[in-house]
Every structure is written in structure tokens, then in C-alpha cells.
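To keep things clear, I will list the structure first and then write my remarks on it.
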Amino acid sequence: MTKSFGGLAALRELTFEIRSGEILGVIGPNGAGKTTLVNHISGLMKPEAGDLRFRGQSLLGLGPHRISRLGIARTFQTARPFTRLTVAENVLIGALFGRSGLTRSLEAARARLDETLRLLGLERLKSTRVLHLTMADRKRVELARALAMDPDLLLLDEVMAGLNPTEVGEAMELVRAINRGGMTILVVEHVMKAIMGLSSRIVVLHHGEKIADGRPEQVTRDPAVIQAYLGARYAVGRG
């Protein structure tokens, strides 16, 4: 894929794959093209060149709603729940809108809502308006809404940004639990503890180009990755 903004390349002939059942980490410095990549996969942006294929089907020309019904859901770097609605109402929207939304009854959607709230530990907040929640709980609501859409591929864009160490640990356990259920996950993250602890494979972007693709221990020893993103101090600490 290739994408430019005002002559500046955000993605430059980027080629990679997401393997079924894995947790793929995507890292890189600010401006590397990580969120632009997620925006392309979810249908918010279209590449100038190249193609995106999900289970053999091209996603080019499909709107976000159609892509979500193919089985792809996402969270946003800045959480975007409906703040004046309750937690339950936010998650119910996902259950009614996602892959099964066209055929799912309201009763079935409510069952999916309850199941998702249990998984994310949000049952006690079910009737609370989102505007009264902490940032950590708002991020959980955004994740719950995405999960309620029944995706096969879940795109997580910096869901741990702004969380304290305890909250990061809890979020990591949630992601692992979701993945154990069979869901494929792409994680964009700056929290290295999370990306190293979760990812079976990591793709590193720099100025819109892929500079590394491999297992975490391989990527963190790559000289190009150390120079572009991790820094010598991280490399020494790992050594």
C-alpha cells in the first residue's frame, strides 16, 4: 500500500500479512504510519496504490460499515464512546451493528451485550453513563463495543496509552483472553512491556516503510529498529 498527505508519504509500498489466530504487534516512532495503516484496514482511508485483502476478498471501495460486517472491528487511539449513553447502550450498538447485526434479534444482541460485559468486567457499570467513567473504563467500553461486533480480526490502536502499570497489566490479560478465544488481533502500541508481552510477531514501521518483521526477540535486536525507534538504552537493557 502507498498513501501520501500533501506530498509526504505516510505509507510507502507497505506489504505485510496478518496470520489467522496470531497477535501481531505494530510499532514505530510517531508519524511512522501506524494509525494510517489501521485506518486503511478499517475502511476510513483508501490507498493511492496497492490492495487490501481479507480472506481473499479485496477491501478496496468498501465503506467501514461493510468492512465491519465482513468481520473486522477496531478501537481508536483516542477513545470514541458515546459519552451520553450508558455502558450497556454503547456495547449494544456494537452488537446490533457488527457482523451479525443484520440478522441478530434484539434478544440475541442483549445476550451478546451481557456476555461481553462479563468478559471485560464491566457488569457493575452497565447502567452508568460513559461521561462519568475513568479513562481506563472508557477504553474498556470502546473495546467492549468492538468485541460485541463479533469480529474475526480486531484492530487495537493504542488501547493502553495513558494507563498506569496496573491498568496496563489488566489490559494485557484481557487481550490474551480474547486471543485465546480464537480472535486474530493487530495491536498498535508504544508501551513496550505490552507489545513484547503480547505479540507473537512484530512489524516495525518507519516513515511509512516496513523496516523489520519477525518475532519480538529478533526485532528488538535489529540494528535498524534500535536506531529508528528503540534507542541504544533499550538495546543495552535487553542485552
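Read the figures in this text as sums done on the coordinates, not as results from a lab. These numbers were taken from a predicted model, which means no experiment stands behind them. When we count neighbours, we look across all protein chains shown, and the Cβ atoms used for this are built from the backbone with ideal geometry, even at glycine.
I need HIS207, HIS132 ordered by Cβ neighbour count within 10 Å, fewest first.
Values: HIS207 16, HIS132 12.
The order, fewest Cβ neighbours first, is HIS132, HIS207.
Where in the chain lies the longest segment free of trypsin sites (Lys or Arg not before Pro) that are both loop residues by DSSP (not H, G, I, E, B) and have at most 12 other Cβ atoms within 10 Å?
85-239
Just to check I understand the Karplus step: with θ = phi - 60° and J = 6.51 cos²θ - 1.76 cosθ + 1.60, what whole-Hz values come out for the stretch 73-80, glycine and proline as x?
Along the stretch 73-80, the couplings run 10, 9, 10, 10, 4, 9, 3, 10 Hz.
Dipole of the chain (Lys/Arg Cβ +1, Asp/Glu Cβ -1, origin at the Cα centre): which of LEU102, VAL188, PRO64 lies farthest to the positive side?
Going by the charge dipole, the pick is LEU102.
Could you tell me how many degrees, from 0 to 90 and to the nearest 10, lie between the Cα long axis of helix 135-147 and the main elongation axis, the longest principal axis, of the Cα atoms of the chain?
Orientation of helix 135-147: about 80 degrees from the principal axis.
Give the lysines reachable from LYS210 as a straight Cα distance under 30 Å; neighbours fewer than 8 places away on the same chain don't count.
LYS3, LYS34, LYS46, LYS139, LYS193
For a label point 7 angstrom out from the Cα of ARG84 toward its Cβ, which stretches of the stretch 125-163 have the backbone nitrogen within less than 18 Å?
128-133
Counting each DSSP H run of 4 or more residues in the chain as -39500 (n - 2.57), what helix-only mean residue ellipticity at 222 nm follows after dividing by all residues, to the nearest 500 deg cm²/dmol? The partial results should precede the final answer.
Details: 9 runs with 89 residues, N = 239.
Rounded to the nearest 500, it is -11000 deg cm²/dmol.
Tell me, what ³J(HN,Hα) does each residue in the stretch 166-173 have, in order and in whole Hz, if you take phi through Karplus 6.51 cos²θ - 1.76 cosθ + 1.60 with θ = phi - 60° and put x for Gly and Pro?
5, 5, 4, x, 5, 5, 4, 5
Which Rg and Dmax, in Å, describe the Cα atoms of the chain?
When restricted to Cα atoms, the chain yields Rg and Dmax of 17.9, 56 Å.
Projected area of the stretch 80-150, taken from the Cα convex hull and averaged over every viewing direction, in nm²?
Values: hull surface 16.1 nm².
The directionally averaged projection comes out at 4.0 nm².
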